[in-house]
Amino acid sequence: MKETFSAALRAEIEAIVMRYEALVSSRVEAAEREGAGAVQGELAKLRAERDELSRELATLRVQRERLSLDLDTARERIAALEAEVRAGAAAASALEEQFSAEKKFVSACDDVTGTMLEGALRASLGRDLAASPALFAALKAKGLEVVLVGAFKERGRTIAHAPLLERERNPLAALASAAGCELVAPTAGTRFSASAMEKAATTSDPAEEGNVVECMLPGLRRAGTEGMLVFPRVRVATG
């Protein structure tokens, strides 16, 4: 009887233990499943973030490539513009050098504005003397020497009754230099020579007859030469 009761009790206890173990195992599995689900959810979230970052990275790479191309294009354009600027500066410098004498000539002409010499210069050139690219080109085409020689001859026709003003005389050296010429002005007391000067006027002032009293308009010759382009016009003493 006792053995039967003990066996039944042991069986009951074993059944309870088994149920408890099964319950514990079930709880453990559920906990594991819940933990695995949370991990999988977090992993899925990380994968989604990774995919989003990958897409953003791909977009940035495309933008970088585009910007790199734009930068290369901009650099090429800058290089081309710099080359154009250098070429323009070189052309401007060459043009400046090409017309440097004409600019000096026109600058000296500014000092004779409103005088008979200005009129003679205008008549020799055949146009107004207002500084402009067209004027420089006209002077280059005709030649500064030709213009100045013509002006000296024209002004010389009136020199006897209209002597040079001081502001006509002062720029003569600059005009001659710009044209590649030199002034020739006989000093007072020089013996008059018809082969080297022209008599514009005479005077009975007490001076030796036949001597130069005054150079009324200097002559012109090419710089470094002896040949005269225009004889000086002088006043000569009659004794």
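In table form, for the structure just shown:
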| read-out | value |
| --- | --- |
| Using distinct alpha-carbon pairs, which all enter the 1/r mean, Kirkwood radius of region 63-173 in Å | 17.1 Å |
| Local net charge near Leu144, Cβ-Cβ under 10 Å (Lys/Arg +1, Asp/Glu -1) | +1 |
| 11 Å beta-carbon shell around Arg233, net charge (K/R +1, D/E -1) | +3 |
| Net charge over other residues, Cβ less than 9 angstrom from the Cβ of Cys215 (K, R count +1; D, E count -1) | +1 |
| Sequence-distant aspartates and glutamates (8 or more away, or on other chains) whose Cα lies within less than 12 Å of Lys104 | Glu96 |
| Solvent-free Debye scattering, log10 I(q)/I(0), computed from the Cα coordinates of region 117-239 at q = 0.13, 0.14, 0.16 Å⁻¹ | -0.53, -0.61, -0.76 |
| Accessible area in square angstrom per residue, region 164-239, 1.4 angstrom probe | 51 Å² |
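The values are calculated or read from the model by the stated rules, or taken from the named source; none is laboratory data. Just so we're clear, the structure is a prediction, and the values are computed from it rather than from any experiment. A quick note on method: Cβ atoms are made from the backbone with ideal geometry, for glycine too, and the neighbour counts reach across all protein chains shown. Keep in mind that these areas ignore ligands, DNA and RNA; they rest on the heavy atoms of the full protein, side chains included. Shrake-Rupley method; radii C 1.70, N 1.55, O 1.52, S 1.80 Å.
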